[in-house]
Amino acid sequence: MGVLEAPLTNSFNYLRTSVLSSRNLEVSKYTGWTGTGAAIGDAAHYLEYGAEARDEDEVEKVIVLMSDGYANRPSSNGPGYARTMAAYAASLDVTIYTISLGNDADLNLMQDIARITDGVHFDATGSGKAELTKRLTEAFEQAAAAIKRVQLVK
């Protein structure tokens, strides 16, 4: 099951000071498990059928997935389930742009998720705060450029 961290909003300040605040980004917040497939499935379903869903002609449905790519839920086949949910997203015309984060990221899974949905994969792997900050900023800028009509707020 996915967790809705915040309602849809145009307020970057709200996201920065609440959802993305250091007090909210705790190690093992979700008990150390990464349910990538559930997150993809829930997000795609919400974009298609949720209260904020819009007519397909009005808006492009996009998910930006930033992860180390280690899908370990369900424990029997987390990566397979993530790929299945990516196919579900694609069936709803949802495009997923993936950003691999961290030195040990599972690049293959993240690339597959993007490919399955006709998205693009961005590599922000590396180590150390300075290198990761640089690589992540580059990945965000590239993702914003790939997702037409998006402006990255710094």
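Some observations on this one:
- Residues located in the stretch 95-135, provided they are of a type in the set (A, V, I, L, M) and buried (at least 18 other Cβ atoms within 10 Å of the Cβ): ILE96, ILE99, LEU101, ALA105, LEU109, MET110, ILE113, ALA114, ILE116, VAL120, ALA124
- Qualifying positions in the stretch 47-69 - within 19 Å of ALA139 (Cα to Cα) and either hydrophobic (A, V, I, L, M, F, W, C) or at pLDDT below 85 (or both): VAL62, ILE63, VAL64, LEU65, MET66, GLY69
- Checked against the criterion of being surrounded by 13 or more Cβ atoms within 10 Å (Cβ to Cβ), in a helix (DSSP H, G or I) and touching a strand residue (DSSP E or B) at 6+ places or on another chain (Cβ under 8 Å), the stretch 50-70 contains not a single residue that satisfies it.
The values are calculated or read from the model by the stated rules, or taken from the named source; none is laboratory data. Since this is a predicted model, take the numbers as computed values, not measurements. Positions of Cβ are backbone-derived with ideal geometry, glycine not excepted, and every protein chain shown enters the neighbour counts.
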